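Engineer: First the structure, which I've put down as structure tokens, then a few questions once you've had a look.
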Amino acid sequence: MTKNKFSLRRAVNNMNLVRFRFWFQIVAFALIVYGGYIGLDLGDKLPTFACVFNSEGTGGKCYVGELQHDLKHPLEGFVGFAGYAFLISLGMFAVWFWVLNKGWCGFVCPLGTMQDWLTMAREKTKIRYSEYSWANRGKIKSIKYILLILLLLLPVMIANSVFGLPKLPNGLSMPFCDICPGRMMIPAFTGDFNQFYIDFSSKTDIVMTTIGMIMTGLFLVGSFIKKRFFCYFCPMAALQYVFSKPALLKLYKDGSKCTKCGDCYRACDMDILEIADDVTSKNLVTEDCTLCLKCVAACPEDGCLEANFMGATIFESTKEGFLVRMAMDQNKENHAH
Amino acid sequence: MKKIVLVLVTLLVSLWADTLWLDETKKKKCCEAKLGVLPLKELSVKSGTLQENEKLKDLNGSVLYIRDMDGKIEEHNLSGSKITVTPQYKGNYHLFLKHQEVVDGVLNVQLSTYRFYNKEGNLSCSWTKEVRGKTSDSRYLSEPLPQLPFQLMMEKTIHNHHVNCCLYVGDIIPLKVYYKGELLKDVSVDVELESGWKNIIKSNNEGMMMVEIPKSTYEQEKGDKKRSEKLLVSATYDVNESGVYDGKSYTSAHYVMSIPLSFGDTPLEYESKTLAFATVIGVMLVFSLGLYYNRRRKRKTPKEIYFDEE
Ligand code: SF4
Ligand code: SF4
Ligand code: SF4
């Protein structure tokens with residue numbers, strides 16, 4: 001029995017994470033984007049881009065969409081049903097999120113998966129990848145918080161006169177959805193291209209829908225040359241991070257075992273320096289981390305990095321796992337040649 | 001010739017005249033309800049056409065079925081002239097009105113259905129539903145209501161614009177007619193717009209009727225995002241069946257069922273898809289070319305970073 005348990009753990013630690021993630025993401029993508037066709041309904045508070053504009057196919061709904069909708073109420077309404085419904089929704093979003101933590105980004109989010117597919121396509125074409133310059137990182141990181149604040153504030157300012165300012169035009173009622181590439185890209189996977197439009201009915205609509213189209217163009221090219229290009233700006237990631245501390249799934253680091261070799265950093269799609277550099281913190285789920293666990297798979301030190309669910313290690317770095325995966329990569333390269 | 005036209009017009013008018021339809025008295029603005037105060041919907045029943053109709057003053061003898069999003073059906077006997085519905089949950093409600101009487105040995109059954117989306121629930125009983133947060137709400141019904149002997153049913157509309165919630169000019173409404181749960185194949189529906197346009201649409205071999213909402217020819221109505229017009233579809237069916245209702249016997253039955261709807265001007269009037277695709281492709285080209293030239297200009301330094309040894 002003990003031997004069996006031991007070998008299962010070994011098998012998990014030695015697994016081909018790239019392949020596991022690839023198939024996990026495909027299944028998650030199918031459930032989120034097409035689940036509605038088979039009657040799947042995970043509710044409307046999902047901490048991932050299960051786009052509400054994919055009206056028939058979606059297997060659940062994106063909370064960022066719901067949140068903007070919920071906030072567009074006169075303040076008096078918040079004293080009643082709207083306020084309670086808002087709190088319940090926020091609570092449920094947190095509950096869903098706590099199960100996987102940022103793993104929703106690394107394993108489930110259809111926009112994240114699309115970006116990974118575009119990266120794969122680039123790798124096939126042998127085109128070199130790009131990076132954000134270090135000088136701009138700070139600014140880039142703050143964009144998602146600015147977007148989050150705007151998407152929270154604008155709907156409130158449509159329904160209410162805030163600080164005596166005039167109410168905003170209704171065309172901004174779901175401001176982030178207007179510019180979210182998910183609105184165009186996710187329904188497109190079900191054959192619905194109707195979200196590609198520029199609305200000329202008002203100045204606000206022209207501006208917002210045009211930005212939406214620009215974002216889609218940027219998303220497609222950006223994710224092709226930069227891994228997880230959009231995730232750096234994503235307000236869902238910002239909102240998630242607010243709730244990240246009590247989550248059940250964690251990325252732990254034992255700094256005493258870290259040699260600062262930098263393998264984890266080099267494997268990280270989000271270029272997170274702390275993963276290699278920080279040897280004092282235990283919880284290494286940072287604001288941009290997608291919990292993809294590529295760093296755990298790349299780490300050559302026994303028990304240095306681990307994915308932990310409610311105190312139990314589920315996948316950890318081992319010398320053996322590192323060597324097994326190196327051999328797999330070598331094999332793949334030999335085959336390719 | 002004049003006589004024939006007169007007979008035809010009378011026939012047509014009498015056909016429309018026996019149509020009853022549910023009409024929302026005044027649409028309540030969202031979020032008016034406070035905690036503890038139940039949200040309320042008020043409806044009246046109208047008889048006749050959209051252009052010429054009268055409100056029924058006495059609904060005595062009529063029955064209202066209320067179907068909630070879980071498929072639970074409540075039955076209410078009506079009286080007075082007003083229908084008041086207090087929906088408990090947020091979501092889609094389908095109302096069905098049934099009014100029947102025997103006149104000259106004919107059982108006249110008048111039916112109408114109306115769907116509305118309730119934005120506010122009664123929190124004390126709907127909080128579990130809010131926690132669950134269901135997304136697939138029943139905007140369209142998948143099967144006829146067992147309580148109705150005859151039913152005109154609307155299926156998911158076909159459209160090529162981006163709004164999924166509402167009806168617009170150019171949208172196609174698929175309709176089917178059921179008699180005692182069985183699909184009728186050789187039927188037709190009468191379609192009438194508030195602005196006066198009328199038509200009769202016949203079913204295809206599968207019993208499906210496709211009603212396309214016609215484009216307005218009135219200049220002043222075009223391109224107005226807020227314009228809303230009513231549309232009434234109704235189907236009739238005569239059948240030889242006998243029985244006794246309310247102590248009166250009948251030897252044939254006449255069924256009529258209506259669905260009142262409203263629609264707006266198509267978003268396609270004020271949006272451009274071509275320009276949208278052109279923008280996406282343009283941005284992709286400019287971005288790619290920019291990157292290409294930028295890369296040629298400066299050679300990229302490899303992704304190498306050194307960590308301080310402690
Ligand atoms: S447009 Fe984006 S933010 Fe809005 S519902 Fe869709 S995925 Fe969510
Ligand atoms: S950060 Fe990326 S993976 Fe996460 S929700 Fe946003 S787009 Fe999806
Ligand atoms: S730190 Fe690790 S888990 Fe987080 S994004 Fe980078 S590689 Fe993935």
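The values are calculated or read from the model by the stated rules, or taken from the named source; none is laboratory data. What you see is a predicted model; the values in this text were computed from it and never measured. Here the Cβ positions follow ideal geometry from the backbone for every residue, glycine too, while neighbour counts run over all protein chains shown. Remember, those area values only see protein heavy atoms, side chains included, never the ligands or the DNA or RNA. Shrake-Rupley method; radii C 1.70, N 1.55, O 1.52, S 1.80 Å.
Engineer: State whether one or more residues within region A:96-111 are within 14 Å of another protein chain (Cβ to nearest Cβ) and in contact with a strand residue (DSSP E or B) (Cβ under 8 Å, 6 or more places away or on another chain).
Structural biologist: Yes.
Engineer: Let me ask something else. Could you look through region A:187-205, keep only residues that are more than 27 Å from A:I38 (Cβ to Cβ) and at the interface with chain B (Cβ under 10 Å from one of its Cβ atoms), and pick out the one that is most open to solvent (accessible area, probe 1.4 Å)?
Structural biologist: Filtering first and then ranking leaves A:F200.
Engineer: OK, next. Answer yes or no: is there a residue in region A:252-260 that is not in a loop (DSSP other than H, G, I, E, B) and not assigned by TED's automatic domain parsing to the domain that holds A:E287.
Structural biologist: For region A:252-260, residues not in a loop (DSSP other than H, G, I, E, B) and not assigned by TED's automatic domain parsing to the domain that holds A:E287: absent.
Engineer: While we're looking at this one, here's another question. Here is a list of conditions, (1) more than 10 Å from chain A (Cβ to nearest Cβ); (2) part of a loop (DSSP other than H, G, I, E, B); (3) buried (at least 17 other Cβ atoms within 10 Å of the Cβ), and B:P146 meets all of them except one; can you say which number that is?
Structural biologist: (3)
Engineer: Tell me whether region B:182-197 contains one or more residues that are touching a helix residue (DSSP H, G or I) at 6+ places or on another chain (Cβ under 9 Å), surrounded by 18 or more Cβ atoms within 10 Å (Cβ to Cβ) and farther than 30 Å from A:F200 by Cα.
Structural biologist: yes
Engineer: In the set A:K294, A:K282, A:K250, which member is of a type in the set (D, E, K, R), away from chain B (no Cβ under 14 Å), more than 22 Å from A:S142 (Cα to Cα) and in contact with a helix residue (DSSP H, G or I) (Cβ under 7 Å, 6 or more places away or on another chain)?
Structural biologist: A:K294
Engineer: Oh, and also: From the list A:K61, A:K45, pick out the single residue that is buried (at least 20 other Cβ atoms within 10 Å of the Cβ), within 16 Å of ligand 2 (Cβ to nearest atom) and either in contact (Cβ under 8 Å) with a residue 24 or more places away in the chain or farther than 16 Å from B:G133 by Cβ (or both).
Structural biologist: Only one candidate passes the filter, namely A:K45.
Engineer: Can you tell me which residues in region A:148-186 are open to solvent by 40 Å² or more (accessible area, probe 1.4 Å) and basic (K, R)?
Structural biologist: Matches in region A:148-186: A:K167 only.
Engineer: Is region A:2-13 home to any residue that is touching a residue at least 24 places away in the same chain (Cβ under 8 Å), in the same structural domain as A:L111 (by TED's automatic domain parsing) and open to solvent by 50 Å² or more (accessible area, probe 1.4 Å)?
Structural biologist: no
Engineer: Of all residues in region A:272-287, which are within 16 Å of ligand 2 (Cβ to nearest atom) and open to solvent by 10 Å² or more (accessible area, probe 1.4 Å)?
Structural biologist: Residues satisfying the conditions are A:I272, A:T286, A:E287.
Engineer: Search region A:213-240 for residues being open to solvent by less than 10 Å² (accessible area, probe 1.4 Å) and in contact with a Leu (Cβ under 6 Å, 6 or more places away or on another chain), and hand back the single one that is nearest to the other protein chains (Cβ to nearest Cβ).
Structural biologist: Among those residues, the one meeting the criterion is A:S223.
Engineer: Can you work out which of the residues in region A:97-107 that are closer than 19 Å to A:A30 by Cβ and open to solvent by 10 Å² or more (accessible area, probe 1.4 Å) is nearest to ligand 2 (Cβ to nearest atom)?
Structural biologist: Here the answer is A:C105.
Engineer: What residue, among those in region B:152-170 that are at pLDDT 95 or above and open to solvent by less than 20 Å² (accessible area, probe 1.4 Å), is nearest to B:N240 (Cα to Cα)?
Structural biologist: Residue satisfying both the conditions and the ranking: B:L152.
Engineer: Going through region B:246-280 one residue at a time, which ones are farther than 23 Å from B:K215 by Cα, more than 7 Å from every other protein chain (Cβ to nearest Cβ) and either part of a helix (DSSP H, G or I) or free of Cβ contacts under 8 Å to residues at least 12 places away in the same chain (or both)?
Structural biologist: B:G247, B:A278, listed by residue number.
Engineer: Moving on to the next point. Among the residues of region B:97-127, write down those that are of a type in the set (S, T, Y) and in contact with a Leu (Cβ under 6 Å, 6 or more places away or on another chain).
Structural biologist: Correct list: B:S112, B:Y114.
Engineer: Regarding A:K139, is this residue of a type in the set (D, E, K, R) and open to solvent by 60 Å² or more (accessible area, probe 1.4 Å)?
Structural biologist: Yes; evaluated as a whole, the condition is true for this residue.
Engineer: Here is a further query. Taking region A:150-186 on its own, how many of its residues are within 16 Å of ligand 2 (Cβ to nearest atom), within 21 Å of A:S55 (Cα to Cα) and touching a residue at least 60 places away in the same chain (Cβ under 8 Å)?
Structural biologist: Going through region A:150-186 one residue at a time, the tally reaches 8.
Engineer: Which residue out of A:S201, A:S142 is over 19 Å from A:Y63 (Cα atoms) and assigned to a loop (DSSP other than H, G, I, E, B)?
Structural biologist: Details: A:S142 fails: assigned to a loop (DSSP other than H, G, I, E, B).
None of the other options fit; the residue is A:S201.
Engineer: Restricting to region A:108-139, count the residues that are within 22 Å of B:M284 (Cα to Cα) and within 13 Å of ligand 2 (Cβ to nearest atom).
Structural biologist: 10
Listed here are the residues, each with its yes/no results for (1) touching a Phe, Trp or Tyr at 6+ places or on another chain (Cβ under 8 Å); (2) not in a helix (DSSP H, G or I).
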residue	(1), (2)
A:T119	yes, no
A:Y132	yes, yes
A:L148	no, no
A:L151	yes, no
A:I158	no, no
A:I186	yes, no
A:G217	yes, no
A:L220	no, no
